[in-house]
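Chemist: This structure is in structure tokens; I'll ask about it shortly.
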Amino acid sequence: MTTVPPPLPYRVAATWAETADTRSIELVPTGEALAPFAPGQFAMIYAFGVGEVPISASALRGRHGGLVHTVRAVGAVSTALYRLRPGDSVGLSGPYGTGWDLEAAAGHDVLVVAGGIGLAPLRPVVHTVLDRPADYGRLTVLVGARTPADIVFQDEIESWRGPAQVEVTVDRPGPGWQRAVGVVTTLLDRLALRPERTCALVCGPEVMMRHTARDLVTRGLVPHRVQVSLERNMHCATGHCGHCQLGPLLLCRDGPVVGYVRVVDLLLVREL
Amino acid sequence: MSADAEVNTPRPPASDELVMGKDGMGALVDVLVRRGFTVVGPTVRDGAIVLAELLSADELPYGWGVELEAGRYRLRERSDGAAFANAAGPQSWKSFLHPARIREWSADRVEGELVLTADQAPPPRYAFLGVRPCDLRAIAIQDQVLTGGAYRDATYQGRRSGALLIVVECTEPGATCFCVSMGTGPAAGPGYDLVMTEVVDEDGHRFWIRSGSPEGAEILAELPARPADPETRETARAAVTAAADRMGRTMPEADLRELMAGTLDAPRWDDVAGRCLTCGNCTMVCPTCFCTTTEDVTDLTGDHAERWRLWDSCFDLDFSQLHGGPVRASSRSRYRQWMTHKLGTWYDQFGSSGCVGCGRCIVWCPVGIDITEEAAALHEWTAAEPRGG
């Protein structure tokens with residue numbers, strides 16, 4: 001090979017709506033398959049002729065045995081992916097990046113904090129912890145969304161109640177909303193955390209992660225047990241295009257999941 | 001810097017050191033062409049010394065020097081007829097190893113199936129004639145960036161692995177050069193196939209030439225040359241040593257990585273942002289800047305698409321674009337990104353500085369922003385501010 005290898009062809013096995021602007025797509029290989037993904041790792045998904053975007057796997061094994069990605073239609077490529085239907089083809093490469101450190105979480109209570117579509121890269125974490133309850137302590141899932149209609153994986157979130165403590169909050173409630181209102185950090189007030197034995201995994205808008213991680217540390221979590229998943233522009237996913245820099249980090253290579261301690265100061269620098 | 005500097009003191013002569021005249025340079029190009037190389041070297045074109053394919057050594061810029069200053073580049077005729085007595089031109093070897101625009105792969109829709117095809121064109125086999133020590137280091141830095149990690153850039157690797165590097169040590173630094181500060185010259189570091197030092201004096205126009213690889217030694221054996229005489233060797237060494245004392249610029253005596261990390265909120269960034277046009281010239285001429293973007297295109301049938309890779313610049317507003325807008329919207333943050341990456345975070349990412357002191361960014365900045373001057377200003381700020389540094 002004398003140039004960058006192309007992605008592998010994958011077929012859309014199923015798609016379904018999550019919210020008005022967000023769909024999940026399940027992808028199965030038409031030939032050679034990619035190596036298995038770990039929770040928090042991402043794929044570059046190529047929409048024919050339009051382009052390629054990095055998207056974390058939202059489930060490692062869907063109903064058809066394929067990889068599931070959840071896409072919000074915000075730009076040209078993500079809109080093209082949003083419009084995919086069963087039988088359509090995409091190009092897929094990966095797995096890329098450093099995922100959630102679940103080994104570090106073993107034996108600990110696991111606190112998952114998600115803002116908006118940030119729940120997508122965390123969903124494989126919830127699946128893993130629910131599948132292997134003996135390996136972890138208590139599981140708590142906190143979900144924040146703009147409005148009740150923007151909550152992704154709604155039905156599934158409800159199914160986690162019982163084995164997990166689940167709390168959901170929205171910024172703007174609609175009629176009939178009985179649950180919490182406010183930013184996701186307000187949910188921390190009503191939690192009976194065991195901070196000394198808790199690992200927190202956080203994904204959402206950067207400002208949400210900054211506040212959440214800081215609040216968690218204030219509440220006694222060991223900073224080294226807080227992980228965040230960061231986002232930057234990415235074109236190559238292999239550390240070669242330079243777009244995804246956050247100070248010393250190349251987030252495609254050194255992230256997207258990074259220890260909070262590693263980025264706490266970087267997140268305070270405007271426009272870094 | 002000190003560790004880097006060790007490799008750039010004049011190296012002990014190899015056993016096969018020779019001296020050749022101008023005819024030897026002609027023979028060298030002929031040998032390279034005969035061996036199937038595309039020979040690329042400096043030549044005069046459009047009022048500048050540019051890098052282009054050479055069919056004969058006559059195309060080298062014999063008798064041309066350059067005058068360099070911040071925001072200024074001028075050719076100057078030399079009376080001595082030297083070919084390599086000129087500092088860096090606008091281009092660097094990355095134009096050939098890491099092209100500004102290249103097709104990576106194609107996608108076709110065939111009976112509903114997506115068929116993805118790698119571009120299989122064999123890479124050109126280059127011989128680079130006249131690589132400066134600073135640019136030799138720049139190539140080593142790009143090697144590390146593009147092939148030193150978990151993923152290898154196959155395009156770069158294909159071009160790089162076949163490339164022959166013929167270095168010419170620097171005896172005529174420009175007013176914007178600071179390779180001594182960066183530990184990258186004016187003597188050649190490791191990694192060359194052949195290295196030569198040009199000497200023009202009353203004893204004639206000649207080149208002290210040594211090999212650094214088996215292939216270099218083979219080529220050297222084919223050249224019309226004589227064993228190196230001590231006078232030529234000493235004159236050549238003295239010229240390189242003297243060049244080290246004639247650098248036009250210098251970086252402040254500071255740990256530049258620490259300086260960059262400790263000055264992210266320095267007011268100097270506002271000052272330079274007031275001058276920077278965010279044109280990205282500095283990134284285009286920089287021999288180590290490697291950033292790229294991708295462009296996906298389709299033909300009129302809609303069934304054939306191609307992935308192209310293009311140079312990109314961290315000065316472009318789109319560079320840090322996310323769904324909510326660019327992360328680095330201000331010119332202050334974009335200049336800061338470039339300079340702190342080059343001199344600071346490059347160490348974290350790739351284990352070395354990203355700057356080789358070639359001075360191109362100073363010369364080709366339309367408003368004459370000088371990276372050494374900016375570093376000095378930041379250094380002064382940390383000295384004045386107890387909280388900095």
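Chemist: Within the bounds of segment A:227-236, is there any residue that is more than 12 Å from chain B (Cβ to nearest Cβ), farther than 27 Å from B:W308 by Cβ and not polar (S, T, N, Q)?
Modeler: The answer is yes, given that some residue of segment A:227-236 is more than 12 Å from chain B (Cβ to nearest Cβ), farther than 27 Å from B:W308 by Cβ and not polar (S, T, N, Q).
Chemist: Here's something else I'd like to know. What are the pairs, 6+ residues apart or on separate chains, where a residue within segment B:35-52 that is part of a loop (DSSP other than H, G, I, E, B) has its Cβ under 7 Å from a residue that is not basic (K, R)?
Modeler: Once the first residue is part of a loop (DSSP other than H, G, I, E, B) and sits in segment B:35-52, its partners that are not basic (K, R) give B:F37/B:Y126; B:F37/B:A127; B:F37/B:L164; B:G47/B:L75.
Chemist: A follow-up question, please. Those residues that are small (G, A, S) and farther than 21 Å from A:A57 by Cα, I need them from segment A:194-217; list them, please.
Modeler: Once the filter is applied, which keeps residues that are small (G, A, S) and farther than 21 Å from A:A57 by Cα, segment A:194-217 yields only A:A213.
Chemist: Take segment B:156-174 and flag every residue that is surrounded by fewer than 24 Cβ atoms within 10 Å (Cβ to Cβ) and small (G, A, S).
Modeler: Those that are surrounded by fewer than 24 Cβ atoms within 10 Å (Cβ to Cβ) and small (G, A, S): B:G158, B:S161, B:G162, B:A163.
Chemist: Tell me, please, whether a residue that is modelled with pLDDT under 95, over 30 Å from B:C361 (Cα atoms) and in contact with a helix residue (DSSP H, G or I) (Cβ under 9 Å, 6 or more places away or on another chain) can be found in segment B:120-133.
Modeler: Yes, that holds for at least one residue.
Chemist: To continue, here is another question. Across segment B:317-335, which residue is farthest from the other protein chains (Cβ to nearest Cβ) among those that are under 28 Å from B:C179 (Cα atoms) and in contact with a Lys or Arg (Cβ under 8 Å, 6 or more places away or on another chain)?
Modeler: B:R334
Chemist: While we're here: Go through segment A:5-31 and count every residue that is farther than 14 Å from A:G65 by Cβ, more than 11 Å from chain B (Cβ to nearest Cβ), touching a residue at least 12 places away in the same chain (Cβ under 8 Å) and surrounded by fewer than 16 Cβ atoms within 10 Å (Cβ to Cβ).
Modeler: Selection size over segment A:5-31: 1.
Chemist: Counting residues that are touching a helix residue (DSSP H, G or I) at 6+ places or on another chain (Cβ under 6 Å) and touching a residue at least 40 places away in the same chain (Cβ under 8 Å), which strands (runs of 3 or more DSSP E) fully inside segment A:148-256 reach at least 1?
Modeler: Here the list reads A:198-203, A:226-229.
Chemist: Being out of contact with any Ser or Thr (no Cβ under 6 Å at 6 or more places or on another chain) and modelled with pLDDT under 95 narrows it down to one of B:A3, B:A57, B:A82, B:A70, so name that one.
Modeler: Exactly one residue qualifies, and that residue is B:A3.
Chemist: Of everything in segment A:83-111, what is under 17 Å from the mean Cα position of the chain (by Cα) and within 13 Å of chain B (Cβ to nearest Cβ)? Give them in sequence order.
Modeler: A:G94, A:P95, A:Y96, A:G97, A:T98
Chemist: Moving to a separate point now. Among what's in segment A:54-68 and is in contact with a Leu (Cβ under 7 Å, 6 or more places away or on another chain) and assigned to a strand (DSSP E or B), pick the residue that is farthest from the other protein chains (Cβ to nearest Cβ).
Modeler: A:A57
Chemist: Out of the strands (runs of 3 or more DSSP E) lying entirely within segment B:83-152, which hold 2 or more residues that are within 14 Å of another protein chain (Cβ to nearest Cβ) and surrounded by 17 or more Cβ atoms within 10 Å (Cβ to Cβ)?
Modeler: B:101-110, B:113-118
Chemist: Hey, another quick one. Restricting the first residue to segment B:148-161 and requiring it to be among the basic types (K, R), which pairs with a second residue that is at pLDDT below 95 meet a Cβ separation below 6 Å and a spacing of at least six or different chains?
Modeler: Going by the 6 Å Cβ cut-off, the qualifying pairs are B:R159/B:P123.
Chemist: What number goes with the only condition from (1) over 30 Å from A:R72 (Cβ atoms); (2) within 14 Å of chain A (Cβ to nearest Cβ); (3) surrounded by fewer than 22 Cβ atoms within 10 Å (Cβ to Cβ) that B:T382 does not pass?
Modeler: (2)
Chemist: If you go through segment B:221-244 one residue at a time, do you hit one that is surrounded by 16 or more Cβ atoms within 10 Å (Cβ to Cβ), touching a residue at least 12 places away in the same chain (Cβ under 8 Å) and more than 30 Å from B:D30 (Cβ to Cβ)?
Modeler: Within segment B:221-244 (the criterion being surrounded by 16 or more Cβ atoms within 10 Å (Cβ to Cβ), touching a residue at least 12 places away in the same chain (Cβ under 8 Å) and more than 30 Å from B:D30 (Cβ to Cβ)), the answer is yes, since at least one residue qualifies.
Chemist: Out of all the residues in segment B:344-362, which are more than 11 Å from chain A (Cβ to nearest Cβ) and surrounded by 23 or more Cβ atoms within 10 Å (Cβ to Cβ)?
Modeler: B:S353, B:C355, B:V356, B:G357, B:C358, B:G359, B:R360, B:C361, B:I362
Chemist: Would you please name the residue that is surrounded by the most Cβ atoms within 10 Å (Cβ to Cβ), looking only at residues in segment A:32-61 that are closer than 17 Å to B:S106 by Cβ and out of contact with any Phe, Trp or Tyr (no Cβ under 8 Å at 6 or more places or on another chain)?
Modeler: A:Y46
Chemist: If we keep just the residues of segment B:268-292 that are of a type outside the set (A, V, I, L, M, F, W, C) and within 14 Å of another protein chain (Cβ to nearest Cβ), which is surrounded by the fewest Cβ atoms within 10 Å (Cβ to Cβ)?
Modeler: Ranking the candidates gives B:D270 first.
Residues are listed down the side, and each one gets a yes or a no for (1) of a type in the set (D, E, K, R); (2) in a strand (DSSP E or B):
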{"position": "B:E258", "(1), (2)": "yes, no"}
{"position": "B:D265", "(1), (2)": "yes, no"}
{"position": "B:W269", "(1), (2)": "no, no"}
{"position": "B:C279", "(1), (2)": "no, no"}
{"position": "B:V297", "(1), (2)": "no, yes"}
{"position": "B:G302", "(1), (2)": "no, no"}
{"position": "B:A305", "(1), (2)": "no, yes"}
{"position": "B:R309", "(1), (2)": "yes, yes"}
{"position": "B:S313", "(1), (2)": "no, no"}
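Chemist: Tally time: how many residues in segment A:123-163 are farther than 30 Å from A:G176 by Cβ and surrounded by fewer than 17 Cβ atoms within 10 Å (Cβ to Cβ)?
Modeler: The total comes to 5.
The values are calculated or read from the model by the stated rules, or taken from the named source; none is laboratory data. It should be emphasised that the depicted structure is a prediction, and the values quoted were computed from it without experimental measurement. Because the Cβ atoms are built from the backbone with ideal geometry, glycine has one as well, and the counts that use them run over all protein chains shown.
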